[in-house]
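Participant: Just dropping this structure here.
The values are calculated or read from the model by the stated rules, or taken from the named source; none is laboratory data. Quick caveat, the model's predicted, so the values are computed rather than measured. Cβ placement follows ideal geometry from the backbone for every residue including glycine, while neighbour counts extend to all protein chains displayed. To get the accessible areas, we keep the full protein, side chains included, count just its heavy atoms, and leave off ligands, DNA and RNA. Shrake-Rupley method; radii C 1.70, N 1.55, O 1.52, S 1.80 Å.
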Amino acid sequence: MSTDAIVLLKEDHKEIRRLFKAFQEAEEGPASKRGKIVEQILEALTVHTYLENEVMYPEVRKLVPDVEDDILESYEEHHVADVLCFELFTMDADDERFNAKTTVLIENVLHHVEEEEQEWFPKVREALGRNQLQEIGQRMLDLRPKAPKTPKTPTAPKALKKSLDAVVA
Ligand SMILES: [Fe+2]
Ligand SMILES: [Fe+2]
C-alpha cells in the first residue's frame, strides 16, 4: 500500500465524494437515513481536515513556499467547513435547514477539494520527491487513529494559529 501523502488524501476525497452522493440520493428520504449519512460525512471531514491541518499543510508550507497562498486560502476554506460541520453536528436531521446546510457544506467542500487536486497538489508533487511525500503520508497514517471524529467548536483553528505564530516568531 502506498503511503504517498497525495495518494492518501485523494483516497479520502474519493470516500468523501461517495458520501456526498449518498446524501444527495437520500435527500428526499427519511430524516433518520439522511442523518446517518451526514454523521458519516462529519466524521470523514473531521478526520481528513485534522490530518491536513496537523501534517500536510504545515509541512508543505515549510517545504514549498510557492503554494503558501493556496495553503492560507485552504485554511480559511477548512474554517468555513468547520463552522458548517459543527452546526450540522448540533442540528436534528428533521430541522428545516438541515438539507440546505448540508448542501452548502457539500458545495464548499467540493470546490475546496477541486482546488487541492487540480491546482496545488500537482505543484507539491512536482516540488517534493517521492520519499518526502511518503514520509508525510506515513506521518498522517500514524496520526490517523488519534484524530478527532466529531466536530469541535470551530472558534480557534489551532493549526492556523500555530502556523501564524510560526511566521511571527
Ligand atoms: Fe483540505
Ligand atoms: Fe483534502
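Participant: From the helices alone, meaning DSSP H stretches of at least four residues, give me the mean residue ellipticity at 222 nm for the chain, per-run term -39500 (n - 2.57), in deg cm²/dmol to the nearest 500. Show your work: numbers first, answer last.
Facilitator: Numbers: 8 runs with 121 residues, N = 169.
The per-residue figure over the chain is -23500 deg cm²/dmol.
Participant: For the chain, what is the accessible area per residue in Å², given a 1.4 Å probe and the full set of protein chains?
Facilitator: Here the per-residue accessible area is 56 Å².
Participant: Residue by residue, what Karplus-based ³J(HN,Hα) values in Hz, rounded to whole numbers, does the stretch 122-139 have, using 6.51, -1.76 and 1.60 with θ = phi - 60° and x for Gly and Pro?
Facilitator: x, 5, 5, 4, 6, 7, 9, x, 3, 4, 4, 5, 5, 5, 4, x, 4, 5
Participant: Restrict the search to the stretch 14-97; then list the GluC sites (Glu not before Pro) that DSSP places in a loop and that have at most 10 other Cβ atoms within 10 Å of their Cβ. Before the final figure, lay out each step's value.
Facilitator: Details: sites: Glu15, Glu25, Glu27, Glu28, Glu39, Glu43, Glu52, Glu54, Glu59, Glu68, Glu73, Glu76, Glu77, Glu87, Glu96; in loops: Glu27, Glu28, Glu96.
Sites meeting the loop and neighbour criteria: Glu28, Glu96.
Participant: Still on this structure, please answer the following. Working from Cα positions, state the angle (0 to 90°, nearest 10) between the long axis of helix 98-114 and the longest principal axis of the chain.
Facilitator: Helix 98-114 sits at roughly 20 degrees to that axis.
Participant: Further, regarding this structure: Per-residue accessible area for Asp165 at 1.4 Å probe radius, Å² rounded to 10?
Facilitator: Taking all protein chains as shown, Asp165 has close to 80 Å².
Participant: Once ligands and nucleic acids are excluded and a 1.4 Å probe is used, how much of Thr150 is accessible, expressed in Å² to the nearest 10?
Facilitator: 60 Å²
Participant: Rounded to the nearest 10 degrees, what's the angle between the helix 5-26 long axis and the longest principal axis of the chain, both from Cα atoms, 0 to 90?
Facilitator: The helix 5-26 is inclined about 10 degrees to the chain.
Participant: I would also like to ask the following. Report the FRET efficiency, 1/(1 + (r/R0)^6), for Glu119 and Glu96, where r is their Cβ-Cβ distance and R0 is 45 Å, rounded to 0.05. Mind dumping the intermediate values first?
Facilitator: On the way: r = 36 Å, r/R0 = 0.79.
Efficiency at R0 = 45 Å is approximately 0.80.
Participant: Explain nothing, just the number: relative contact order of the stretch 13-166, from Cα pairs under 8 Å at least 6 residues apart, as a whole percent. List each step's numbers first, then the result.
Facilitator: Numbers: 109 pairs, mean separation 57.7, N = 154.
Relative contact order comes out at 37 percent.
Participant: Taking all protein chains in place and a 1.4 Å probe, what share, in percent, of the accessible surface of the chain do carbon and sulfur account for? Kindly include the intermediate steps, with their values, before the conclusion.
Facilitator: Values: 4940 of 9510 Å².
For the chain, the apolar C and S fraction of the accessible surface comes to 52 percent.
Participant: Separate question: Compute the relative contact order of the stretch 7-93 as a whole-number percentage, counting only Cα pairs closer than 8 Å that sit 6 or more residues apart in sequence. Could the numbers behind the result be given before it?
Facilitator: Numbers: 33 pairs, mean separation 27.8, N = 87.
Result for the stretch 7-93 is 32 percent.
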